[in-house]
2 protein chains.
Amino acid sequence: MKHFTAHVTVTLRRAILDVQGKTVEHALHSLHMPGLQHVRIGKHVEMSVQAADADHARELVERACQQLLANPVMEDVAITITEGFEGDHV
Amino acid sequence: MKHFTAHVTVTLRRAILDVQGKTVEHALHSLHMPGLQHVRIGKHVEMSVQAADADHARELVERACQQLLANPVMEDVAITITEGFEGDHV
């Protein structure tokens with residue numbers, strides 16, 4: 001078994017109104033930063049994965065996304081798998 | 001003025017207990033995925049930036065992080081700036 005690190009980014013689909021993002025955008029404009037627009041807010045999930053190889057690690061993380069981390073109807077998921085474990089003192 | 005896209009990842013510092021991450025980790029183990037460990041959850045913020053160049057875009061996003069998006073005492077921020085605007089129909 002090898003150790004991998006998975007980075008998962010879960011974002012609302014483009015077609016869905018991101019109320020949290022709009023609120024942050026208005027706050028940024030109130031703070032005199034009108035150059036920042038189209039703010040969208042999502043989740044970032046980082047985890048260590050024990051698997052035989054990178055393909056199995058990705059499969060495991062995809063299963064986790066389908067079953068728990070993301071709502072496939074409303075959200076898009078981007079998964080990055082890197083070898084080794086980044087977390088040093090968790 | 002050019003258009004850039006900024007991706008900001010805000011994560012709790014390693015030394016700080018991530019209660020949300022621990023809860024998700026326990027849920028994953030209950031779903032028979034014991035190979036997923038050290039789960040940590042953060043925020044992912046995506047936005048378009050209007051600035052003269054990439055350095056100014058980064059400065060603007062760093063200011064937004066300091067003033068609004070992140071808590072510098074408890075959170076780490078990673079910023080990626082890419083040229084062009086990814087959002088097609090926001």
Take the Cα of B:Gln66, step 7 Å along the line toward its Cβ, and report every residue of the stretch A:21-61 whose backbone nitrogen sits under 18 Å from that point.
-> A:28-36
Most mobile of B:Leu31, B:Leu12, B:Leu68 per a Gaussian network model of chain B (Cα springs, under 10 Å)?
-> B:Leu31
Listed by chain and number, the residues whose amide H is under 5 Å from that of A:Ala51, excluding neighbours fewer than 5 places away on the same chain and using placed H, are A:Lys2, A:Phe4
Please report the orientation-averaged projected area of the protein assembly as shown, defined via the convex hull of its C-alpha atoms, in nm².
-> 10.7 nm²
Inter-copy distances for A:Asn71, label 7 Å out on the Cα-Cβ vector, sorted ascending, nm, one decimal, are 2.5
Using alpha-carbon pairs under 8 Å, 6+ residues apart, how would you state the relative contact order of chain B in percent?
-> 50 percent
Stokes-Einstein translational diffusion, the stretch A:2-83 - Kirkwood Rh over all Cα pairs, 0.890 mPa s, 25 °C, in µm²/s | 172 µm²/s
Can you list the HN-Hα couplings for the stretch A:78-85, worked out from phi with the Karplus curve (6.51, -1.76, 1.60; θ = phi - 60°), rounded to whole Hz and with x for Gly and Pro?
-> 10, 10, 10, 10, 10, 7, x, 10
Cα-centred dipole magnitude for the protein assembly as shown, charges only on beta-carbon of K, R (+1) and D, E (-1), debye, nearest 20 = 460 debye
Relative packing of peptides A:76-85, A:46-55, B:38-47 - highest average C-beta neighbours within 10 Å first | B:38-47, A:46-55, A:76-85
Under a 5 Å amide H to amide H cut-off, with H placed in plane at 1.01 Å, what residues pair with A:Gly42 once short-range neighbours are removed?
-> B:His44, B:Val45, B:Glu46
Name the nearest-to-axis residue of chain B, judged by Cβ distance to the rotation axis taking chain B onto chain A, and quote that distance in whole Å.
-> B:His44, 2
Taking each label point as 7 Å beyond Cα in the direction of the beta carbon, state the distances from A:Thr23 to the same residue in the other copies, shortest first, in nm.
-> 1.7
Express in % the proportion of alpha carbon pairs of the stretch B:43-90 at distances exceeding 14 Å.
-> 52 percent
Between A:Leu17 and B:Leu31, what FRET efficiency follows from the Cβ-Cβ distance if R0 is 22 Å, with the result rounded to 0.05?
-> 0.15
Pseudo-label separations to other copies for A:Glu83 - Cα-to-Cβ vector, 7 Å, nm | 3.3
If each part is reduced to its alpha-carbon centroid, the stretch B:23-68 and the stretch A:1-69 end up apart, in Å, by 7 Å
Add -39500 (n - 2.57) for each DSSP H run of 4 or more in chain A, then divide by its residues: what number comes out at 222 nm, to the nearest 500 deg cm²/dmol?
-> -8000 deg cm²/dmol
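Any read-out appearing in this document is the output of simple, stated calculations on the displayed coordinates, not a laboratory observation. If you're wondering where the values come from, they're calculated on a predicted model, not measured in any experiment. Neighbour counts are summed over all protein chains in view; Cβ atoms, including those assigned to glycine, are modelled from backbone coordinates with ideal geometry.
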